[in-house]
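Each reported figure results from applying straightforward, stated rules to the coordinates on display, with no laboratory input. The structure presented is a predicted model; accordingly, all values stated were derived computationally and were not measured. FYI the Cβ positions are ideal-geometry reconstructions off the backbone, even for glycines, and counts take in every protein chain you see.
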Amino acid sequence: MQEWPWLVKSLAVWALIILAETVHGILRNKFLVPIAGDFRARQIAVFTGTLIIYSIAFLFEGWMGLTTDGQRIGVGLLWAILTVAFDIGLGRAFRFTWKRILSDFNLFQGGLMPIGLVLMALALILVSRF
């Protein structure tokens, strides 16, 4: 583990992102869902969530010690994969139907999660340019 400190740090940052996104989801349900409806609120949250992710990535990109664009893309892809697993697992824990869970991932039905996941995967490479 000593030779991969950036990987351990990137997992810690992902945990922070998931914590922030969980709070974001709670606030979305409390304040935005009553105004916009559930599905529209989830669509909007992809963009506000991306802002949260980019803010955290910007704050911690240097701390993680990533030195190459390959590492940045690799960590971004890892974050995206872990997020999909977390999202599906949380949905099942709350007993959401597969149809409800997968609706976020279906671009053809208005689900915008794939866009958010691509933006997440690119977050570190893009913020490293600032």
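The set of residues in the stretch 37-46 that are loosely packed, with under 13 Cβ neighbours inside 10 Å and touching a residue at least 40 places away in the same chain (Cβ under 8 Å) is empty. Would you please name the residue that is farthest from residue 65 (Cα to Cα), looking only at residues in the stretch 9-35 that are touching a helix residue (DSSP H, G or I) at 6+ places or on another chain (Cβ under 6 Å) and of a type in the set (D, E, K, R)? Looking at the filtered set, the residue picked out is 28.
So which residues in the stretch 54-88 are more than 28 Å from residue 100 (Cβ to Cβ) and in contact with a Leu (Cβ under 7 Å, 6 or more places away or on another chain), if there are any at all? Break it down into steps so the answer makes sense when it comes.
Looking only at the stretch 54-88, we keep the residues that are more than 28 Å from residue 100 (Cβ to Cβ), and these are 55, 57-75.
57, 61, 66, 72, 75 - these are the residues of the stretch 54-88 that are more than 28 Å from residue 100 (Cβ to Cβ) and in contact with a Leu (Cβ under 7 Å, 6 or more places away or on another chain).
Residue pairs whose Cβ atoms lie under 8 Å apart, sitting 6 or more positions apart in sequence or on different chains, and linking a residue in the stretch 73-98 that is at positive phi to a partner that is of a type in the set (S, T, N, Q) and part of a helix (DSSP H, G or I), do not occur here. Of the numbered criteria (1) of a type in the set (S, T, N, Q); (2) assigned to a loop (DSSP other than H, G, I, E, B); (3) surrounded by 15 or more Cβ atoms within 10 Å (Cβ to Cβ), the one residue 71 fails is (2).
Looking across the stretch 8-18 at every residue that is under 17 Å from residue 80 (Cβ atoms) and not small (Gly, Ala, Ser), the one that is surrounded by the fewest Cβ atoms within 10 Å (Cβ to Cβ) is identified as 16.
Here the condition is being touching a residue at least 60 places away in the same chain (Cβ under 8 Å), loosely packed, with under 15 Cβ neighbours inside 10 Å and either more than 13 Å from residue 124 (Cα to Cα) or out of contact with any strand residue (DSSP E or B) (no Cβ under 6 Å at 6 or more places or on another chain) (or both); of 34, 5, it holds for 5 alone.
Name every residue in the stretch 101-128 that is in contact with a helix residue (DSSP H, G or I) (Cβ under 7 Å, 6 or more places away or on another chain), surrounded by fewer than 14 Cβ atoms within 10 Å (Cβ to Cβ) and either of a type in the set (A, V, I, L, M, F, W, C) or without any contact (Cβ under 8 Å) to a residue 60 or more places away in the chain (or both), in order of residue number.
First, pick out the residues of the stretch 101-128 that are in contact with a helix residue (DSSP H, G or I) (Cβ under 7 Å, 6 or more places away or on another chain): 101, 103-105, 107, 109-117, 119-125, 127-128.
Filter once more, so that each one left must be surrounded by fewer than 14 Cβ atoms within 10 Å (Cβ to Cβ): 107, 109-110.
Across the stretch 101-128, the qualifying residues are 107, 109.
Based on what the data block shows, is residue 57 farther than 13 Å from residue 126 by Cα and either hydrophobic (A, V, I, L, M, F, W, C) or exposed (fewer than 13 other Cβ atoms within 10 Å of the Cβ) (or both)? No, not satisfied.
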